[in-house]
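**Q** Here's a structure for you.
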Amino acid sequence: MKQILCLLFIFSLYACKSIGLQPMDEDYTRERVDLDQKQELSMYELFSDMEIIPLETTKASVLGNPLRKIVVNKGLFYILDYKQDAIVVFDSRGKYLRKIDKYGNGPEEYTHLYDFGFNRFDGNLELMSAAGYINVYDSLGVDYKHTIKLPSYIRAVSYFANMAPDKYLFFCTRKEEEKKLLIYDRKEDRIVSETYSIPEFILSNTPYHHSYSPFYVYADTVCFVQSYNGDVFSMGQDGELTPRYLWDFMDYNFDISTLKEEPIEFYVKHQRTVGANYATSFLSYGENSKYYITSFRLRKKIHHLIIDKANGKHLVFNTFKEGGVCFPLSMDETAVYFYASPSELDIAVNSEILNDWNRKKYDAVQPDDNPLIIKYTFK
């Protein structure tokens with residue numbers, strides 16, 4: 001999809017975020033995946049239903065690009081609009097409900113909204129500023145409660161995740177911080193763990209890092225995805241990274257240790273030529289009790305990789321048998337969610353297989369409308 005493909009490059013060069021090079025213990029075995037053996041996979045093998053959900057377009061609800069994050073909480077869609085520094089809320093049918101906009105320099109406000117989430121321990125809404133603090137509000141985002149501030153020497157952060165009731169994991173990309181993963185303990189009011197290093201030019205001059213948050217949570221564990229090659233790690237409370245999924249794509253393995261510091265222009269061309277021959281730029285990822293799903297680039301095309309946990313089978317494909325794609329920008333036990341702009345809708349879904357209800361919504365979409373949510377419901 002053009003918009004998501006474009007975000008891969010735009011975010012990777014200009015946003016303050018990236019991931020890096022993690023040393024591996026030789027005791028861990030990599031899972032071999034033959035990317036040349038693609039499956040003809042029907043969406044109905046995994047999902048019972050597919051729904052398109054147009055997000056209502058009004059003067060108050062219009063969304064800009066890029067959309068940095070989608071969170072589904074208690075049946076509502078929370079969309080982080082990067083340009084507006086705000087979160088726009090829609091109900092399960094896409095009807096606009098309200099906007100959470102606390103932008104400003106006041107004690108209950110924020111600047112540079114880069115990430116947000118609902119604390120999985122107390123349900124509060126937490127809005128993270130790239131300047132190194134989190135404003136905490138009630139679950140509706142109405143009543144301000146307090147601010148969590150990182151030590152002043154931490155100049156900027158890009159993403160966060162809740163590790164424990166009083167522990168936060170941050171992803172940081174400033175040059176001043178050699179280690180990029182930081183665990184902050186509120187009770188002790190200090191950084192208690194620092195890990196994960198990467199050459200600085202990978203962050204600033206190449207597109208070989210993530211476009212969205214490197215974190216997801218499964219089974220009460222924060223997982224970290226290494227975007228340049230797709231490896232996944234479980235994050236321990238002490239800051240230890242334990243391999244979860246390590247891939248062996250054979251001839252398509254991408255190794256950033258061979259890269260040298262070059263200007264941005266060099267790596268723009270590199271991604272389109274040399275880099276296109278490898279599995280890299282793992283764009284989206286999610287996990288539940290049945291599957292691990294991720295999407296990545298190879299030969300200038302989006303590929304999807306699904307691990308069926310019941311039998312350990314690897315499923316590799318570009319599009320479903322019926323047409324359409326599956327980006328797990330948000331994933332839980334019940335469904336996968338991602339978004340598509342009106343111009344991308346015919347790539348995201350095959351209009352010929354839509355039921356009457358979805359076809360009616362599809363036909364009503366106008367070019368200037370808000371993006372649409374695509375929801376796949378698991379069997």
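**Q** Which of the peptides 351-358, 278-285 is most tightly packed, and how do the rest follow, judged by the mean count of other Cβ atoms within 10 Å per residue?
**A** The packing order, highest mean first, is 278-285, 351-358.
**Q** Moving to a separate point now. Just to confirm a number: summing +1 for Lys and Arg and -1 for Asp and Glu over residues other than Tyr291 whose beta-carbon lies under 15 angstrom from that of Tyr291, what do you get?
**A** Once all neighbours under 15 Å are counted, the net charge is -1.
**Q** Now for a separate question. Suppose only helical runs count, i.e. DSSP H with n ≥ 4. What mean residue ellipticity at 222 nm does that imply for the chain under -39500 (n - 2.57) per run, divided by all residues and rounded to the nearest 500 deg cm²/dmol? Let's see the in-between values first.
**A** On the way: 5 runs with 41 residues, N = 379.
That comes out to -3000 deg cm²/dmol.
**Q** Would you indicate which of (i) 28.4, 107; (ii) 29.9, 100; (iii) 20.1, 58 is the value of Rg and Dmax of the Cα atoms in Å derived from the coordinates of this structure?
**A** (iii)
**Q** Something else about it: Cα to Cα, under 25 Å, and not fewer than 8 places away if on the same chain: which lysines meet these conditions relative to Lys309?
**A** Hits, sequence-local ones excluded: Lys38, Lys290, Lys321, Lys375, Lys379.
**Q** Starting from the Cα gyration tensor of region 199-277, take the square roots of the eigenvalues, sort them a ≥ b ≥ c, and report rounded, prolate or oblate (rounded when a/c is under 1.5, otherwise prolate if a/b is larger than b/c, else oblate).
**A** It is prolate, given that a/c is not under 1.5 and a/b is the larger ratio.
**Q** Also, quick follow-up: Between region 104-162 and region 32-95, what is the separation of their alpha carbon centroids in Å?
**A** Centre-to-centre (Cα) distance: 23 Å.
**Q** Just want to confirm a number: the relative contact order over the chain, from Cα pairs under 8 angstrom separated by 6+ residues, in percent. Show your work: numbers first, answer last.
**A** On the way: 832 pairs, mean separation 71.0, N = 379.
After rounding, I find 19 percent.
**Q** Which far-off residues, 5 or more places away or on another chain, put their amide H under 5 Å from the one on Arg244, with H placed in the peptide plane?
**A** Val232, Phe233, Ser234
**Q** Report the Cα centroid-to-centroid distance between region 262-328 and region 173-246 in angstrom, as an integer.
**A** Rounded to whole Å, the Cα centres lie 20 Å apart.
**Q** 7 Å from Cα along Cα→Cβ at both Leu97 and Thr147: what's the point-to-point distance in nm?
**A** 2.7 nm
**Q** What does the charge count near Ile134 come to, summing +1 for each Lys or Arg and -1 for each Asp or Glu among other residues with Cβ under 11 Å from its Cβ?
**A** +1
**Q** Within 10 Å, count the other beta carbons around each residue, average over each peptide in 210-216, 316-322, and list them highest first. Present the calculation step by step, with values, prior to reporting the outcome.
**A** Numbers: 210-216: 24.0, 316-322: 16.7.
So the peptides 210-216, 316-322, ranked by packing, come out 210-216, 316-322.
**Q** Taking 8 Å as the Cα distance limit and 6 or more residues as the minimum spacing, I'd like the relative contact order of region 168-324 as a percentage.
**A** Across region 168-324, relative contact order equals 14 percent.
**Q** Just how large is the dipole of region 263-311 about the Cα centre, in debye to the nearest 20, putting +1 at every Lys and Arg Cβ and -1 at every Asp and Glu Cβ? Numbers along the way, then the final one.
**A** On the way: 8 positive and 3 negative charges, 45 e Å.
Approximately 220 debye in magnitude.
**Q** Using a 1.4 Å probe over the heavy atoms of the protein chains, calculate the carbon and sulfur portion of the accessible area of region 238-328 as a whole percent.
**A** 47 percent
The values are calculated or read from the model by the stated rules, or taken from the named source; none is laboratory data. Here the structure is a predicted model, which means the values were calculated and not measured. We place every Cβ from the backbone using ideal geometry, glycine too, and count neighbours over all the protein chains shown. The accessibility values were calculated without ligands, DNA or RNA, using every heavy atom of the protein model including side chains. Shrake-Rupley method; radii C 1.70, N 1.55, O 1.52, S 1.80 Å.
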